[in-house]
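Remarks on the structure that follows.
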Amino acid sequence: GAVVSQHPSRVICKSGTSVKIECRSLDFQATTMFWYRQFPKQSLMLMATSNEGSKATYEQGVEKDKFLINHASLTLSTLTVTSAHPEDSSFYICSASPQYNEQFFGPGTRLTVL
Amino acid sequence: GNSVTQMEGPVTLSEEAFLTINCTYTATGYPSLFWYVQYPGEGLQLLLKATKADDKGSNKGFEATYRKETTSFHLEKGSVQVSDSAVYFCALKEIQGAQKLVFGQGTRLTINP
């Protein structure tokens, strides 16, 4: 149980385009979903916390207009990187939590912006 | 603010060696503590956790004890295997606000046969 999927697992895009990453909780309802960013050989940095049906809460320094988060249902959250640039290349990981309980992590999405 | 400091890697050991990865934390109150493991190309998996002082978390031969007096949560395993090669993250869960996870920088472990 407690499986979280992410799609796509890898994506390569051109600079200036937008990319959408999906995060799904497959066998439980996620009241809260978290989005992290991980640079090579570094730790996970929390980008934002989203609760179903409400606006995401962004961490300091994260541009909310660039990283659009939608948590439209209890099993799906999406992260859209708008007008992506090479510096946005990173490993993006989501996690899902059933009501502030343990977080279950997705496998991650590697974004490469050319 | 809350923070987690881990032993810097990379760590390279031979199979069947004893493993210790140090982790200390700074936090308000008594947070829950976690160890996560990340295998190559994958997301994080919870390895073990402890929610209060003197608790011992254990899983797959790994252990860690919540030490309030030293604010530590060191990860140990008596005999490592090649399959234990991964990156290990120590983390705490804040007890106030949004109860976010705060991660250490990660320690890359390589086990040679």
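Among the candidates A:Ser43, A:Ser18, the residue that is buried (at least 16 other Cβ atoms within 10 Å of the Cβ) and small (Gly, Ala, Ser) is uniquely A:Ser43.
Could you tell me whether the range A:54-64 includes any residue that is charged (D, E, K, R) and at pLDDT below 90? Yes, some residue in the range A:54-64 is charged (D, E, K, R) and at pLDDT below 90. Would you say B:Tyr36 is open to solvent by less than 10 Å² (accessible area, probe 1.4 Å) and within 12 Å of another protein chain (Cβ to nearest Cβ)? Judged against the criteria, B:Tyr36 is a match. Scanning the range A:83-103 for residues that are at pLDDT 90 or above and open to solvent by 30 Å² or more (accessible area, probe 1.4 Å) turns up A:Ser83, A:His85, A:Pro86, A:Glu87, A:Ser89.
Of all residues in the range B:76-93, those that are in a helix (DSSP H, G or I) have Cβ atoms under 8 Å from Cβ atoms of residues that are open to solvent by less than 30 Å² (accessible area, probe 1.4 Å), 6 or more apart or on another chain, in B:Val82/B:Ile111; B:Ser83/B:Ile111; B:Asp84/B:Leu19; B:Asp84/B:Lys77; B:Asp84/B:Leu109; B:Asp84/B:Ile111. B:Lys68 satisfies every condition listed in (1) farther than 20 Å from B:Pro113 by Cβ; (2) in contact with a Pro (Cβ under 6 Å, 6 or more places away or on another chain) except (2). Consider the range B:39-50 and keep the residues that are in contact with a Gly (Cβ under 9 Å, 6 or more places away or on another chain) and surrounded by fewer than 19 Cβ atoms within 10 Å (Cβ to Cβ). The one that is nearest to B:Lys100 (Cα to Cα) is B:Glu42. One residue stands out in the range A:59-70 among those that are more than 11 Å from every other protein chain (Cβ to nearest Cβ) and under 24 Å from B:Gln38 (Cβ atoms): the one that is most open to solvent (accessible area, probe 1.4 Å), namely A:Gly61.
The values are calculated or read from the model by the stated rules, or taken from the named source; none is laboratory data. On a predicted model such as this, the values are computed, not experimentally measured, just so you know. Positions of Cβ are backbone-derived with ideal geometry, glycine not excepted, and every protein chain shown enters the neighbour counts. Surface accessibility is based on the protein's heavy atoms, side chains included, excluding ligands, DNA and RNA. Shrake-Rupley method; radii C 1.70, N 1.55, O 1.52, S 1.80 Å.
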